[in-house]
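Let me begin by presenting the structure, written as structure tokens, before commenting on it.
The values are calculated or read from the model by the stated rules, or taken from the named source; none is laboratory data. What you see is a predicted model; the values in this text were computed from it and never measured. Note: ideal-geometry Cβ built from the backbone for every residue, glycine included; neighbour counts use all protein chains shown.
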Amino acid sequence: MRNHFLPLALSLLMAAGAQAAEMTAQEIVDRANRAAYYQGADGRASVHMQITDGQGRQRNRHFTLLRRNNPGPGGGGQKFYLYFHSPADVRKTAFMVWKHIDSDDDRWMYLPALDLVKRIAASDERTSFIGSHFFYEDVSGRTPAEDRHELLEQTADYYVIRSTPKQPQAVEFAHYKNWIHKTSFIPVKSEYFDGDGRIYRTYQALQVEVIEGFATVIRASISDTRIGGHTTLGYSNVDYNLDIAEAIFTERYLRNPPRQYLR
Amino acid sequence: MLALSEYTAARPRIGFIISGLLSLLIIALVAAPSLKPETFQFLHPVHIDTDPENMLPADEPVRVFHNAMKQQFGLYDMVVVGVVNRRHPQGVFNVDSLGHVYQLATYAQQLRWEEQGRQRGVVAIDMIAPSSVDYIEQAGLGAVRFDWLMSRPPRSEDEALAVADRAMRIPFLNDTLVSRDKKAVALYIPIVSKSDSYRVAQRLREKIATFDSADEYHITGLPVAQDQFGVEMFKQMAISAPLAMLLIFVLMWWFFRHLQLVLAPLIVALIAVIVTMGLLVISGNTIHIMSSMIPIFIMPIAVLDAVHILSDFFDRYPALRDRKATLRAVMTELSAPMLFTSITTCAGFASLAFTPIPPVQVFGVFVALGVLLAWLLTITLIPAYIMLLPEASLSGFGMQASASRHTPMGRLLQCVGNITFRHGKLILLATVLLSAAAVYGMQQIRINDNPVKWFDQQHSIRVADSALNERFGGTYMAYLALSPPPAAGTDLEAELPVRLADLQPACRQPLMRQIDTLPAAADADPLAQLIEFALAQQWAAAGDSGWQCWQSATAVLEQMQQQRALFKQPQVLRYVAGLQAHLDSTGLVGKSNGLPDIVKTVHRDLLLGAEPEFRIPDTVAAVAQTLITYQSSHRPQDLWHFVTPDYRNSNLWIQLKSGDNRDMSALVAAVDDYIAANPPPVALQHDWFGLTYINVIWQDKMVSGMLQAFLGSFAIVLVMMVLLFRSLWWGLLSMLPLTVTIAAIYGLIGLIGKDYDMPVAVLSALSLGLAIDYAIHFLARSRYLHAASGGWEQGIKAVFGEPARAISRNVIVIGVGFLPLLAAPLVPYQTVGVFISAILVFAGAASLLILPAILSLFENLFFDTREQPPCETTSCR
């Protein structure tokens, strides 16, 4: 329901936004990628994750997410730091991701109860993000170069892009469709299709606000019909351009969390 | 009753017209909704039900619990595909075989369709196949990796073997996905509904047929077995039952040598079966394993009375040479015994209506109905049929009683009669010895059943069953649910104020107000909601003091939540692991899977894969962090098959190699004993579910229910006999052959080690019904002939004339007629075939030996020389 108001809200927010001339599908996707994952030089948010399973049973998680773009033009490598506040038994657990464009990402986790820092060499980015319906890739962003993009249609508010993987055996979807808002370039909906052409997974941006000049998704959800249920992420205390030191995104800080950014 | 026979004999066509029209009407009422369900929605179509679960009513607590647990843990029934390769040194772990396994798994995941808006077929996400499961392993210094076990078909023999090696390290996969000899693989394909299994299995078979390989594919699992049973059941209804009918017909023809005449019992049996089965379907009952056997039970009983009439007619006609006069004499002598035998048979089957098992109730009621119908048809149609035959066609029929006496059977029976008269004591002694052996045998009876063993040993289902259970942990699933007792931990409202007492008022008061607003709904987790509330306050707090106050509030609430999350506590997990180890040591369990296995595996691989680290870590937080690591895999949802997200309920998957009820019962007892001797560290209750367990419950109900039903009908029949003979002694005497027969049959079952299972239990009702028949006929006619011939020494000669021949013909016709059931590929049918024949022989022999022996020994007790001939023979007319 809320989603019906999104285009209007986005348009009002972004009234002064760039007016695109004829853009190619690739250009649209690149801009959307930057709008969704690269706002500012760095950023921070408190995240409330609510996982609702197919039976309506809910689990809540709270964590702080820090992000820093690698220097250089937008759309390049990034570093992420994630620190758990709740539930209590995973408090102080931390994750770190170094996102690379041309190679597999590096991932680490710190498990305080085992006093253990572990590198996770995942086979792909499409494993569950801490038990939710989100994949790691949904949090850190799928590299646009991994898919071929085609502009299916333009509505009054959206570009509708169809993306097909270049390496189909590496992913579980056959293709996905993206609705990208024309003025803000925020992707507001993605639908993932299986080999039989059925939609099984849906991402939706539920609420967008302009924070410090950046259009920011502050509520988003993913549902998955194969396992049932959905996960909602709510972002609060969003801040951009905090000048987060690069040193924060190292193994040392997994064990010694940077308190100044976590409250 | 006699009047009814005379009425129809006078108007022979009317009975045929009525019963013919009735049969046609019933066939139409069944065919219409079955062939055109849309047009005839108000009628019930034929509905086949092969689900042993339906042996219990849908609202039976064990079934309700089973379904609730399946829902709670997201469990589905599974089609199991075992792949075996006996030629390749690496078994199926070679490039070729795994390539096919990969193809089959990919194909299976797409076996989905929609039916009435519901997704049906395979639950792809929960499939267990090399290409669809995750494994965890060391990936270089300080790194772990989650990856698909077999993300693509292997390209070399080494790669293929590596798939097996990796899987063997994961307890959940070892012995489940990969056989313990590392040679075979099994795919577990969950399906939305059991009724989808046949379609899924068929499609898999088609796909497998396209592979050119040396691999053996075995498809099994309880749902497949059940569906297969339905298919075979239909075949049996179409083949075995008519074949039995045909053999009975041929035997009757051989005895009576008159084709047209012996058609009559056939027609009676056919109409009785059509009308009974038709009424079963029309009344909305399903054709279940039990009800599919109704025709087989009705047929011998329907033919029974007709054989008595024909036999008597056969022996008398040559003397009288007049159909009408012969019929009158025959019906005069037989109508009362036939009525009573039918009523007693009815009582025997109707008593099954009091068992607690719906399919058995339906079976009992409809067989009783069929028996009454057969009786009515026999006494009306058989005389009518004889009257319809031209007198000329009977010219050569029958033989003089004297001639009949000189057939081998006639001579043998006369001889038997002499022996019983002279050596009664010997016969009684033999009976006592036999009974003693029977009592001993009955004590050896082993109560056991196993739906997979309803298939013949050579059947592909049985072959698959043994191939898989030889190599893997077991294909029979039972589940043990562990949960806190209902009372524990619900008194949150009392606990909260105490626990929050130390907080500063600034956050305690808003929190207490919040508690009052919480919904009372049982399924809502109030603690989780309070934690969310406190956390929101914490983040919104302006100053440090507010932050700290709410932080401590959150901490108290979270601590409470942790204490309630039983299955994150190390001591509870260790206890469960101990229980699992005990299960494995019983020899009954092939393998068990549980939450402790997941925790131990991930913990080991987090700590460099060292075997000593294959253990439950020491703190709640360490367990929780191990589990959150696990949830970063491709299949985090697998966790919820073993524990609920609040960690208050857990579930052990137990694989048994045998689906025998007695093995399951032994396991239940072993777990009870273990838990009694080793109480859990927190209050936990344990409850079983799963199809293997449900089978035990319905068997228990059936055994006790059948015993009660049998004792009840025994008492009813005894009372009826006492009333019929107007004598306690005659009543008791008439019960003797069936008592000996049943004791002998069940003694035999105990001695030969045949399991007392569902069909065997039902046979007690059949024994009661058939054995009493012979006794009634024998005794009623002994009394009649004793009076007619003026003494027992003369009487017994007459009794061993026509009456004994009728009984013997019955025994042979029906006993032999049921032997074709032995060729059926379904064991319950074989059992019924063998035991019907055995019961008939025993009951016939018991009636012809024991009854005359006792009558001879205690002539004065049973025959009052002043007594008038009893009512049911001549004086009632």
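Screening residue B:717 against (1) modelled with pLDDT under 90; (2) more than 29 Å from residue B:772 (Cα to Cα); (3) assigned to a helix (DSSP H, G or I) leaves a single unmet condition, (2).
In the set (1) more than 13 Å from chain A (Cβ to nearest Cβ); (2) in contact (Cβ under 8 Å) with a residue 40 or more places away in the chain; (3) within 39 Å of the chain's Cα centre (by Cα); (4) part of a helix (DSSP H, G or I), residue B:592 fails one condition alone, (4).
Of B:631, B:637, B:655, which residue is free of Cβ contacts under 8 Å to residues at least 12 places away in the same chain and of a type in the set (S, T, N, Q)?
Details: B:637 fails: free of Cβ contacts under 8 Å to residues at least 12 places away in the same chain; B:655 fails: free of Cβ contacts under 8 Å to residues at least 12 places away in the same chain.
That would be B:631, the only listed residue that is free of Cβ contacts under 8 Å to residues at least 12 places away in the same chain and of a type in the set (S, T, N, Q).
Only one of these is surrounded by fewer than 22 Cβ atoms within 10 Å (Cβ to Cβ) and within 23 Å of residue B:171 (Cα to Cα): B:635, B:662, B:726, B:648. Name it. Don't jump to the end; show me each part of the working.
Details: B:662 fails: within 23 Å of residue B:171 (Cα to Cα); B:726 fails: within 23 Å of residue B:171 (Cα to Cα); B:648 fails: within 23 Å of residue B:171 (Cα to Cα).
Step by step, each of B:635, B:662, B:726, B:648 is checked, and only B:635 is surrounded by fewer than 22 Cβ atoms within 10 Å (Cβ to Cβ) and within 23 Å of residue B:171 (Cα to Cα).
Of all residues assigned to region B:399-421, at least one qualifies as being over 30 Å from residue B:854 (Cα atoms) and either crowded, with 18+ Cβ neighbours inside 10 Å or not polar (S, T, N, Q) (or both).
The residue list B:48, B:26, B:17 contains one member that is surrounded by 13 or more Cβ atoms within 10 Å (Cβ to Cβ) and closer than 30 Å to residue B:335 by Cα, which is B:26. Checked against (1) in contact with a Gly (Cβ under 6 Å, 6 or more places away or on another chain); (2) closer than 15 Å to residue B:123 by Cβ, residue B:221 passes all but a single condition, namely (1). Among the residues making up region A:40-76, a single one is more than 20 Å from residue A:87 (Cβ to Cβ), surrounded by fewer than 20 Cβ atoms within 10 Å (Cβ to Cβ) and of a type in the set (A, V, I, L, M, F, W, C): A:41.
Within region B:120-151, the set of residues being touching a helix residue (DSSP H, G or I) at 6+ places or on another chain (Cβ under 8 Å), facing another protein chain (nearest Cβ under 9 Å) and among the β-branched types (Val, Ile, Thr) comprises B:125, B:144.
Residue count for region B:566-589 satisfying the condition of being within 11 Å of chain A (Cβ to nearest Cβ) and crowded, with 21+ Cβ neighbours inside 10 Å: 1. Return the pair list, or none, for Cβ contacts closer than 9 Å from residues in region B:152-175 that are within 14 Å of chain A (Cβ to nearest Cβ) and more than 26 Å from residue B:597 (Cβ to Cβ) to residues that are assigned to a helix (DSSP H, G or I) and of a type in the set (S, T, N, Q), at least 6 apart or on different chains. Final answer for the pair search is B:152/A:169; B:153/B:103.
Within region B:281-312, being in contact with a Leu (Cβ under 7 Å, 6 or more places away or on another chain) and either more than 22 Å from residue B:763 (Cα to Cα) or among the hydroxyl-bearing types (Ser, Thr, Tyr) (or both) holds for B:282, B:291, B:308, B:309, B:310, B:312.
Filter region B:462-490 down to the residues that are among the hydrophobic types (A, V, I, L, M, F, W, C) and surrounded by fewer than 23 Cβ atoms within 10 Å (Cβ to Cβ), then identify the one that is modelled with the highest pLDDT.
Initially, region B:462-490 is screened for residues among the hydrophobic types (A, V, I, L, M, F, W, C), giving B:463-464, B:467-468, B:472, B:477-478, B:480-482, B:487-488.
Right, trim to surrounded by fewer than 23 Cβ atoms within 10 Å (Cβ to Cβ) and you get B:463, B:467, B:477, B:481, B:487-488.
On the way: B:463: 92, B:467: 91, B:477: 89, B:481: 97, B:487: 66, B:488: 55.
For region B:462-490, the residue satisfying everything is B:481.
Give me the residue from region A:95-111 that is out of contact with any Phe, Trp or Tyr (no Cβ under 9 Å at 6 or more places or on another chain) and either of a type in the set (D, E, K, R) or surrounded by fewer than 22 Cβ atoms within 10 Å (Cβ to Cβ) (or both) and, out of that set, nearest to the other protein chains (Cβ to nearest Cβ).
Going through region A:95-111, the residues out of contact with any Phe, Trp or Tyr (no Cβ under 9 Å at 6 or more places or on another chain) turn out to be A:100-104, A:111.
Then drop every residue that is not either of a type in the set (D, E, K, R) or surrounded by fewer than 22 Cβ atoms within 10 Å (Cβ to Cβ) (or both), which leaves A:100-104.
On the way: A:100: 16, A:101: 21, A:102: 20, A:103: 15, A:104: 11 Å.
The residue in question is A:104.
From the residues in region B:638-672 that are more than 25 Å from residue B:466 (Cβ to Cβ) and among the hydroxyl-bearing types (Ser, Thr, Tyr), which one is nearest to the other protein chains (Cβ to nearest Cβ)? Looking at residues that are more than 25 Å from residue B:466 (Cβ to Cβ) and among the hydroxyl-bearing types (Ser, Thr, Tyr), I get B:644. Mind checking whether some residue in region B:289-302 is modelled with pLDDT under 85, not in a helix (DSSP H, G or I) and not aromatic (Phe, Trp, Tyr)? There is at least one residue in region B:289-302 that is modelled with pLDDT under 85, not in a helix (DSSP H, G or I) and not aromatic (Phe, Trp, Tyr).
I'm checking my understanding of the structure. Among residues of region A:51-94 that are of a type in the set (Ser, Thr, Tyr) and part of a strand (DSSP E or B), which one is farthest from the other protein chains (Cβ to nearest Cβ)? Give the steps one after another, and end with the answer.
First, pick out the residues of region A:51-94 that are of a type in the set (Ser, Thr, Tyr): A:52, A:64, A:81, A:83, A:86, A:93.
Subset that is part of a strand (DSSP E or B): A:52, A:64, A:81, A:83, A:86.
Working: A:52: 10, A:64: 10, A:81: 16, A:83: 13, A:86: 6 Å.
The qualifying residue farthest from the other protein chains (Cβ to nearest Cβ) is A:81.
Return the residue satisfying two criteria in turn: it lies in region B:114-148 and is modelled with pLDDT under 90 and within 36 Å of the chain's Cα centre (by Cα), and of such residues it is nearest to residue B:637 (Cα to Cα). Checking each candidate, the answer is B:119. Residue B:444 versus (1) of a type in the set (S, T, N, Q); (2) touching a helix residue (DSSP H, G or I) at 6+ places or on another chain (Cβ under 7 Å); (3) modelled with pLDDT of 90 or more; (4) within 30 Å of residue B:217 (Cα to Cα): which is the lone unmet condition? Checking residue B:444 against (1) of a type in the set (S, T, N, Q); (2) touching a helix residue (DSSP H, G or I) at 6+ places or on another chain (Cβ under 7 Å); (3) modelled with pLDDT of 90 or more; (4) within 30 Å of residue B:217 (Cα to Cα), the one that fails is (4). Look through region B:595-624, keep the residues that are at the interface with chain A (Cβ under 7 Å from one of its Cβ atoms) and among the hydrophobic types (A, V, I, L, M, F, W, C), and return whichever of them is surrounded by the fewest Cβ atoms within 10 Å (Cβ to Cβ). Filtering region B:595-624 for residues that are at the interface with chain A (Cβ under 7 Å from one of its Cβ atoms) and among the hydrophobic types (A, V, I, L, M, F, W, C), the one surrounded by the fewest Cβ atoms within 10 Å (Cβ to Cβ) comes out as B:620. Checking each residue of region B:625-637 against the condition of being under 19 Å from residue B:127 (Cα atoms), at pLDDT below 95 and more than 7 Å from chain A (Cβ to nearest Cβ) gives at least one match.
Going by what's in this entry, would residue A:174 be described as within 15 Å of the chain's Cα centre (by Cα) and either within 14 Å of chain B (Cβ to nearest Cβ) or not aromatic (Phe, Trp, Tyr) (or both)? Answer is no for this residue.
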